[in-house]
Amino acid sequence: MDFRKAVAAALAAKTDIPAEDIADMLETPPNPALGDLAFPCFRLAKAMRKAPPQIAAELAEALPLPAGVSKVQAAGPYVNFSLDRGAFAKEALGRVFAEGMAYGGCDAGKGRTVCVEFSSINIAKPFSIAHLPTTAIGHSLNRIYRACGYQTVAINYLGDWGTQFGKMIVAYLKWGDKPVRESSVRELVKLYVRFHEEAKTDERLNDEARAWFRKIEAGDAEAVGLWQQFKALTLEEVSQTYALLGVQFDSFAGESFYEDKMQAVIDELDDKGLLVSDQGAKIVDLSAYDMPPCIIVKSDGATLYATRDLAAAIYRKQQYDFAKSLYVVAYQQTLHFRQFFKVLELMGKDWVKDCAHVSFGMVSMEEGTLSTRQGNVVYLEDALEAAVAKTREIIEEKSPDLEDKDAAAKAVGVGAVIWSVLYNSRIKDMAFSWSKMLSFEGETGPYAQYTHARACSVLRKAAPDLDKVDYALLEDDVSAALVSAIGAFPAAVYSAMDKNEPYLVSRQVIAVCQAFNRFYYEQRIMADEPAQNNTRLALTEAARQTIRNGLYLLGIEAPERM
């Protein structure tokens, strides 16, 4: 029995709103005394030409009692539903116990594939803190979609093509003092910065760079060899940062992969009459759609990001036959994606409707910058290591007897950094604050992890017999609030997938944590009466599992001891 579906179906029968939409509209009342689910009637006011409180009163009077609901009543503009708490606890917790790590997921995407492009680092460039949002959001969405039944393809669309590699080769040959394999990305960046400084007074350097990139395009052995070494060094270094974050990819096909696939796209655009010559360049005119032209080929014959993105999108559709293709890229690229998607539409690619730009805000440092800097760059690796070090200090102070402090510091420090990105809507700009991020109080990653560890500590003292749970003993307000938070978790995961918003999962994790901590302080979990003791331990186990599952979907570890 799914109580939300039962309530939604009952309301749908009395309104013109589909049950699926009503299920999304259902809220949890702020006061448990008001009920367990609430339906806001504001949306009905215009169509029914009545005030929301009047609509709520009439609905409450006319609705038959949905299955599993003990009471329906109006409260202002809301219709409130009180669930049969014992039956609800049996359904919600029974599902947790039966599904384990799969709890929260569904089969909505069964048999379908979603491509998730994220992180997308640049070769021989800093893997900076600016890459954190795309990496954290993309990794979380990849896990959320997989939990919802999709086959996922995690794509790191490498920035591994362009004149910048000619510049890199010139800088390395002129000023590099060791083999590439013995160097580091930071040293390559220094060379790249020097190139730009020197080129301000020596234009010949730019001519040399263009010549070297043409050699790469032509397959020159020396040029291609150096380019491949830069790429190998970068991937080797960033793999360490990805390992810290627990991030893995299914594809590293970057811009260079699509070089031999672009001409077919250009030819198709030409055949369909979409290409227009403009001062020697070839463009797709988008003025009819209030957008600047999409440049496909520059006047010097060079292709652009849009050309490669078109080739990549078409290749991915052919290769993976995706049901969805997500691009987790900063909001500054919104115009680019509008143009790119419109060109695909004009080409007759009806599947472009399944492509989405998952944009996000900017990240900055609230408390200054880190000590290890390269120009104005804060490396992501430095941010993660600083978070781990600061967490290690906190653990040393608060839990000096904790076993394996280093493992706990890594889990909590890295988790705090990830959480800082995923706790708010992705479009919101964020500022790093070590004091807020690493706090064990409030709505933070360490607080969620500590709550999980607390539940583990209780369960180490005694394990529940899940076959002998008396769900009627969970009808008090405190226990019911925790059951409700746990029961709402699958809907939060589905909504996070549907809206491409991981923060909906983190918010529900916090709801479970807050409800559990209240339950922990106000109820004696290790009760004297055996049935009550077993039932409260079972509820503790359900909370632990739900928190762990939520943290996993966010890409965060769930330590058992802190």
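General observations
- Here mean projected area of the Cα convex hull in nm² was calculated from the structure, and among (i) 28.2; (ii) 22.6; (iii) 30.8 it sits at label (iii).
- For segment 1-32, backbone nitrogen atoms closer than 17 Å to the point 7 Å from GLN54 Cα along Cα-to-C-beta are found at no residue.
- Links that overshoot a 27 Å alpha carbon limit, given the list LYS125/LYS282; LYS14/LYS110; LYS261/LYS324; LYS272/LYS298: LYS125/LYS282; LYS14/LYS110
- Here the chain is treated with +1 on each Lys and Arg Cβ and -1 on each Asp and Glu Cβ, and its dipole about the Cα centre works out to around 480 debye.
- Model label points for GLU396 and LYS436, set 7 angstrom from Cα along the Cα-to-Cβ axis, are 2.7 nm apart.
- Considering only SER82, PRO52, SER70, and ranking their Cα positions along the charge dipole of the chain that arises from unit charges at the beta-carbon of Lys, Arg, Asp and Glu, the one farthest toward the positive end is PRO52.
- The distance from the alpha carbon centre of segment 515-562 to that of segment 50-94 is 28 Å, rounded to a whole number.
- Ranked SER82, SER70, SER479, SER277, criterion: other C-beta atoms within 10 Å, fewest first: SER277, SER70, SER82, SER479
- Estimated vicinal HN-Hα couplings, Hz - segment 60-75 in sequence order (Karplus 6.51, -1.76, 1.60; Gly, Pro = x): 4, 6, 8, 5, x, 5, x, 4, x, 9, 9, 7, 10, 8, 8, 9
- Amide H contacts of VAL358 (H built 1.01 Å from N, under 5 Å, at least 5 apart or other chain): TYR327, VAL328, VAL329
- Phi-based couplings in Hz for segment 76-91 (Karplus 6.51, -1.76, 1.60; Gly and Pro marked x): x, x, 10, 9, 9, 10, 9, 7, 5, 4, x, 5, 5, 4, 5, 5
- Fraction of antiparallel bridges per DSSP, the chain only, in percent to nearest 5: 55 percent
- Fewest neighbouring Cβ atoms within 10 Å first, the residues THR540, THR334 line up as THR334, THR540.
- Shape of segment 183-336, Cα gyration tensor, a/c cut at 1.5: oblate
- Within the chain, helix-based [θ] at 222 nm, where runs of 4 or more DSSP H residues each add -39,500 (n - 2.57), nearest 500: -17000 deg cm²/dmol
- Rounded to the nearest 20, the size of the Cβ-charge dipole of segment 161-280 about its Cα centre is 540 debye, with Lys and Arg at +1 and Asp and Glu at -1.
- Residues whose placed amide H lies under 5 Å from that of ALA74, excluding near-sequence neighbours: ASN80
- Distant-in-sequence amide H partners of GLY149 (H built 1.01 Å from N, under 5 Å): CYS106, GLY109
- By the count of neighbouring beta-carbon atoms within 10 Å, fewest first, SER435, SER120, SER457 end up ordered SER435, SER457, SER120.
- Chain lengthening between ASP498 and GLU198 when straightened (0.36 nm per residue, less Cα-Cα): 103.0 nm
- Segment 351-509 shape via C-alpha gyration tensor axes, a/c threshold 1.5: oblate
- Given charges at Cβ of Lys, Arg, Asp, Glu: the chain dipole, positive-most of ILE525, TYR315, ALA387: ILE525
All of the numbers you see were taken from the coordinates with simple rules; none came from a lab. The structure presented is a predicted model; accordingly, all values stated were derived computationally and were not measured. Neighbour counts run over all protein chains shown; Cβ positions are idealised from the backbone, glycine included.
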